[in-house]
Each structure stands twice: as C-alpha cells, then as structure tokens.
Amino acid sequence: MVDFIDANREEFGVEPICTVLRSAGLQVALSTYYDAKARVPSARALRDAVLGPALCQLWKDNYCVYGARKLWKTARRDGYDVGRDQVARLMRAAGIEGVRRGKRVRTTKPDPAAARHPDLVKRNFTATAPNDLWVTDLTFVPTWAGVAYVCFIIDAYSRMIVGWRVASHMRTSMVLDAVEMARWSQWKYVARLEMSLRCRVAIHLHSLRGKARRDRRSPVDRDRRG
C-alpha cells in the first residue's frame, strides 16, 4: 500500500489518496503511512534491495534462461551469500523464471480400439513372497540427444527393480527386453516357479483360444517373434 501511495502522491497527494482508499473500505490513515515511511527497513528488506537487482542482472547475463537452482549456484560463485529458497522468492517477486527445456512427452496414449488384456491381479498389487508378482511402468528422460524411454520391472514384494531397459522408442521389444533382464537376474527364483508359471500361462492361453486360434502365442510374443 505504501508503494502505491508513493507512486501516485505527486499527482494526487497523500491525503486525497488515503481518503479514496478509506471510502473503498481500506482503513489507511495518514499516520499509518507516515509511520511506515519513517520506520527503519528490516535487515531482510535491506538484503533484498541489494540481492534483487543483482539476481536480475545475473539472470539477464545468462540469456534469461536460468531457473532458481542454476541462478543460485551462479550467485554463490559470484560471492553472494544467498540461499536457494531466497533466490526463488526474489525471482517470483521480480517476475522472472527459468526456461523449461523441450516439450512434455506423453508416454501413455489410450487407444479405444485396442484390445484390453484381463487384469490378472484384480488391482491387488500386494505380494506375500519375492517374485510372486512383478509390475512394470514406463517413463522418459529428456537428454540433449533426444528423449530416452525407460521401462522397468519391479518386484511387488521387495519393491526392488529386477529388470530395466533404456531405448529411444516405445516398441514392445523394449518391454520384452526388460522382462528378459528380470528373468535373468532372478533366474534362481524363477526356475523354482517354472512349473507354476507354465500352468498359469497355459490357463491364460486357454482363455485366448476362442479369439486367437490361428496363433496360440501371446500378443506380446507374436509382436516380438513375428
């Protein structure tokens, strides 16, 4: 409020401005304004008055692309005793921000026409033993060379990543490679479960026979092996 009055006092005067503000419902007295003007600035306000313009200049010197983290490190290298949160606050106050690199990549694109596979675990992602249930997810990492897609297999019991694969595409082969790595890293446990796994696969194939009589392999294996 004091800044607003200072910006308009030369044209309208302090008392008329306070009168208009009071008529608008803001309780601003002349004494309040003059007390605020006479008050000694706090140590934080004094530091902000110095650091604010300095950070803005550093931001401009670096092509107006630095965010709070990089601007904070640059200010520290230049000898300014400033914290990261303080840099972020002063950047917000100055109306400046860093440039976000690239465009967000969508890794999940629903296809209404695609066949939906059955939910074998019925949304129950808990396990009572290692390698009883594996779950998978797909994410991406922006790099200077482009987008790197990452698929990882997680053991629902131990929360350990048992397999992963990085590729420049999101084809089925990437997911299958991650599964093969999980099988290789957990081969001692998987070998013990081989019989039960075969039973489960046989039941699953039996449920697919009505729609896939010409190719009894799973859709994933068909995509990989042709």
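Taking the condition of being surrounded by 11 or more Cβ atoms within 10 Å (Cβ to Cβ) and modelled with pLDDT of 80 or more, how many residues in the stretch 105-130 meet it?
So the count comes out to 3.
Can you name the condition, by its number, that residue 140 falls short on among (1) modelled with pLDDT of 85 or more; (2) over 21 Å from the mean Cα position of the chain (by Cα); (3) not assigned by TED's automatic domain parsing to the domain that holds residue 65?
Every condition holds for residue 140 apart from (2).
Say we look at the stretch 73-89 and pick out the residues that are closer than 11 Å to residue 51 by Cβ and assigned to a helix (DSSP H, G or I); which of these is farthest from the chain's Cα centre (by Cα)?
Going through the qualifying residues, I end up with 75.
From the set of residues in the stretch 151-176 that are in a helix (DSSP H, G or I) and surrounded by fewer than 17 Cβ atoms within 10 Å (Cβ to Cβ), which is modelled with the lowest pLDDT?
172
Report yes if some residue within the stretch 84-106 is polar (S, T, N, Q) and under 30 Å from residue 73 (Cα atoms); otherwise report no.
yes
The values are calculated or read from the model by the stated rules, or taken from the named source; none is laboratory data. Remember, predicted model here, so these are calculated numbers, not experimental data. Please note: Cβ atoms are built from the backbone with ideal geometry, for glycine as well, and neighbour counts cover all protein chains shown.
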